[in-house]
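Taking it in order: structure first as structure tokens, then the write-up.
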Amino acid sequence: MTFNKRKLSQICAGALLAGGLVVSIAPAVAATAAGTLIKNLATVTYEDSAGNQYSAQSNEAVITVKQVYEAELSSDTPKTATAGQITYIQHTLTNNGNGTDTYNLTATNDGTITDNLDSTSVKVYRDLNGNGLVDAGEPEVTNVTLAAGASAELVIAVAVPSSATTGQTLGVILTATSTNGTVTDVSPSKGTDLADGTNQDLITVSGDAVLNYTKSAVLNAATNQITYTLTITNTGNRAATNVNIYDAIPVDNTGTPMTLVSTSAQGLLAANGDTPPAAATLNETTLNIDLNNDGDKTDAALAGISAIDASIAPHQTVSVNMVVQYDPATFNNNAIPGSAGDIVKNTAWLKGDLDGNPGTTEQPIPTNPTQTVLPQNYGVNTADTGEATGDTINDGKDDDAANNTQLVSQAPVGSAVQFLVDVTNNGSGTDTFELLIAKGNFPAGTTFTIWNEAGTVQITDTNNEGGVDTGPLAANATKTFMVKAQLPSTTSGNNGGTGFTATVTASSANDPSTTPASDTTNLKLGAITASGVDLTDSADGATPGVNVDDLGAAPYTINDGTNPGTRATFSGTVGGEVEIPFYLDNDSGSPDSFKLYAGGSDGSTLGTLPAGWTVEFYETDVSGNRTGSPITTTTSLPAGTTDKKYIAVVKISADPAQAAANYGTVDTNSDGDGDQLISIRVLSSATGASDIMMDAIDVAPLRQVALTPPGADQIQAGGSVDYTHTLDNTGNTQESFELTATNPGTTPGWNNTIMVDTTGDGVPDKAASQLLPADVIYGKDNSGAIVPVTWTDADNDKNPEVTLPPGVSMPITPIVFAPSDAAPGEINTLTVTATNLDAAPTAPDASVEDVSTVILGQVRLVKTVAYDAACDGTADGAFAANLSTQVAPTECAIWKIVAENQGDVNALNVIIRDNVPTYTTYQAGSLKYALGTAALAPLTDIVDTDNAEQVSGTVSFFVGTGATPTTGGTLVPGQTATVQFSTKVD
């Protein structure tokens, strides 16, 4: 399990806080981000007549979130100016969609209104510091690109003719357009032209006092404070007198204002008859001003400040400051719990005597509005459940007290011990938490998996970061998970009376700091009624059973354990490769083989390899050099083996952006730049024993391919099972591969065939060995479009050679055939290999393993998904495992699961369970069920007497003849059951 790297939205939010650049980005966007992959798989459980329990998982069904385009432009602004003046008018453009978009900008004289003047110069500038002026270095722009949730401050600079006379007017219009959607004008009634995509400003020439104003807001995330500064300059020809300044303090959606911390001013002196700014209760009715911009003037007691400048002379500048503070735990002004992502808007008002005639009444003047996005605070708490039941039932609830240790008193040897753990989001916004299990002193061979609270659906990766996570948790929300510790069958006792303790750590996936918010809870087993592996960086001749070069706890560096070894940092180049030797000890009492994995780290968390990097593992010859083809699993190592040498070949990305010379903050060789940490992990398929070590590569300034996912399923003697894979060129060069598959078995007669897609529907339909010259193989490019894949069979061996351009993938379905005399329990491993036709050392190959287990009877699940734009429960197209039609937020997906008994004996107590996919919401009343060829019939969501229920995001179907709630029914050989439910994309 791994922690993840921070997300783009958090990186952008961090950039916002780091300086003065006014590109507001909300850390939590309401709509799911465009391009997000929403994945889901189902689980079936059943029994045979002897009471043996079985479970199987479906294929993974996937939908991709579609981009929606929404934006707004604010707002129409009246201004007063003197002849010959450059007038600056501020506007805000906000991307309210769920993906990046580009907007074209123009500003011209407004020909849609009646005015007296035209300007010879109307330009649009990017207001980088948000002060409402054009400062040195701020660029003139004709377009701007904004990420989802981002906004940009713009300034129109308008040259007022020097020949203008008092009372004349000059209209300008700012237009923002997107080729993808509409930019909404948020001005009242969409302004004079009643049209979207425009803001209209009207400048009135005055010979009197002219108050030019700029309002800015600066956020201090460390103190949760916002400093508002209002700068006023009299650019007119006479003094402005009795200038009243009003500013309402921002409030949340309950009407509770932020706390006023301080006020100050420059240029306002009590000795001059001025009233410096101070806290005040503002009455909209008395002032006849909508101070809080809520659409009325009836609020009689608004918290705010007020000030009076007795006289602002021509060309004089004064400023007023207000500092307010918010509580991130309670402040909220949108539909997402917590303050993270809240957009705080504020406008001040001015009212004074501008013409020197106290008898006339000038209209109040609103300042430019400011917009501040509140950042996200991060926090998490993990805890035991504290039921204090004192029982010995292995249900996760055998806990004595709420003391941050989830205790199970005892468990049988070889059993799956169940622990319940609560995870609470203590941050100020929605967050996802990576879940990491540290095995502690549990017996070697113990494996940990994480499930939903009921222990019926295994939790997977929802944020595509490569590790198990909680999925999004709202601020202050708590979710309970079950951790299952699968004990080995070789250890018993109570560990000298101290028992066995592991830990589960929840770490924020979105916290951009180098040490993300995290918390840990102990998982303790009092007694059980023990096998292992040691991974080292050198041949140490260690005694089996002693863990040398242990990785230890974060912060990570090279082998930072109790016996760190002498490994130096490796040097690499962009697009090159690095050989990392390592040594294995099989500490178990029986032969074992180990799967090989590689990952990366930022020094504080463990994660997947950096983007564009790959690792291949090799055996070595008698001289210690790598030999043969890449492997993913070692050969079987005899019990007590020590110092078996292997080599990991790390291939560095050819993209310089993915192979930075200065990576992160971990400097392992003290040369002044950060180095890329690479972890190597080994895992026993038989016992779950594992070990991990850390190395580092210092890159001085790649070709890659993926064949995924590995599969595991059941097969009947004489039967067949198919697996679904994707061969994906994830590099930046065209690659050609020969496709082969082998599956030798204990029993002679195992065989296989590889199917490819020749119709372009994404479903492999023809055996590769039967391809004819006229056949076309199809795949997909980065956008999801169907494309032909060039192929040949130059050596006539019935194994096609395929050529994939960068970003193109192709589906592959291998079918495994079992001999009729295969024994129950026999395990067969199919290895599908894509061998690169390029003999260069850097040419990437790919392979994947599918493990088939022979059983007497079997229930198999097939999962597909369809698009439902109107959320009416009717599919708008065909069902597919990987839906090509993208689904936009507020649109729906219909998930269908078909269970079939492909064995020759009855499957009893059949139950299908599924979790509502992350980033979606269950559609009430969408459960449907059919047995055999019957039509799908609706079922209720509640727990009652029918065949289905939806409880806390887990969907359960009790299928088969005679099915009853909680126990399920019977599927006879050849019989199918179909279930269906719908979810809406958030």
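Give, rounded to the nearest 20 debye, the magnitude of the charge dipole that the chain has about its Cα centre when Lys and Arg contribute +1 at Cβ and Asp and Glu contribute -1 at Cβ.
620
Could you calculate the FRET efficiency of Thr281 with Ser513 from 1/(1 + (r/R0)^6), where r is the beta carbon distance between them and R0 is 35 Å, rounded to 0.05?
The computed FRET efficiency comes out at 0.30.
Could you calculate the contour length gain from Ser162 to Ser189, that is, 0.36 nm times the residue separation minus the distance between their Cα atoms, to one decimal place in nm?
6.4 nm
Apply the Debye scattering formula to the range 425-491, with a single equal point scatterer on each alpha-carbon and no solvent, then give log10 I(q)/I(0) at q = 0.17, 0.20, 0.29 Å⁻¹.
-0.69, -0.87, -1.26
Given a Förster distance of 22 Å, report the FRET efficiency between Thr573 and Asp838 from their Cβ-Cβ distance, rounded to the nearest 0.05.
0.70
Sort Leu260, Leu302 so the one with the fewest other Cβ atoms within 10 Å of its own Cβ comes first.
Leu260, Leu302
Using only DSSP helix segments of four residues or longer, with each worth -39500 (n - 2.57), what per-residue ellipticity at 222 nm results for the chain after dividing by its residue count and rounding to 500?
-500 deg cm²/dmol
What Rg and what Dmax come out for the chain when only alpha-carbon atoms are used, in angstroms?
Cα-based Rg and Dmax for the chain come out at 33.3, 108 Å.
Where both partners of a DSSP beta bridge lie in the chain, what percent of those bridges are antiparallel, to the nearest 5?
The answer is about 90 percent antiparallel.
Grab the other residues whose beta carbon is less than 15 angstrom from that of Pro337, score K and R as +1, D and E as -1, and report the net.
-4
Please arrange Cys892, Cys871 by how many other C-beta atoms lie within 10 Å of their C-beta, fewest to most.
So the ranking, lowest neighbour count to highest, is Cys871, Cys892.
Which three lengths, in whole Å and largest first, does the range 807-894 cover when its Cα atoms are put on their principal axes?
Projected onto its principal axes, the Cα set of the range 807-894 covers 49, 46, 16 Å.
Given a cut-off of under 8 Å on Cα pairs at least six residues apart, what relative contact order in percent is computed for the range 128-209?
29
Once you have the Cα-Cα distance between Asn242 and Ala301, take 0.36 nm times their residue separation minus that, and quote the gain in nm to one decimal.
Working it through step by step, the gained length comes to 18.9 nm.
In terms of Cα to Cα distance under 12 Å, which aspartates and glutamates are near enough to Lys928, apart from those fewer than 8 places away along the same chain?
Within the straight-line limit of under 12 Å, Lys928 reaches these aspartates and glutamates: Asp941, Asp946, Glu949.
Quick one: in the range 208-377, what % of C-alpha pairs are over 29 Å apart?
Cα-Cα pairs of the range 208-377 separated by over 29 Å account for 21 percent.
Could you list Tyr54, Tyr103 in order of exposure, starting from the residue whose Cβ has the fewest other Cβ atoms within 10 Å?
Tyr54, Tyr103
Quick one: which of Lys190/Lys297; Lys66/Lys651; Lys524/Lys595; Lys39/Lys766; Lys439/Lys479; Lys439/Lys896 span more than 30 angstrom between C-alpha atoms?
Lys66/Lys651; Lys439/Lys896
Laboratory data are not the source of any read-out in this text; all were calculated from the coordinates shown. Only a predicted model underlies this, so the values are computations on that prediction, with no experimental measurement involved. When we count neighbours, we look across all protein chains shown, and the Cβ atoms used for this are built from the backbone with ideal geometry, even at glycine.
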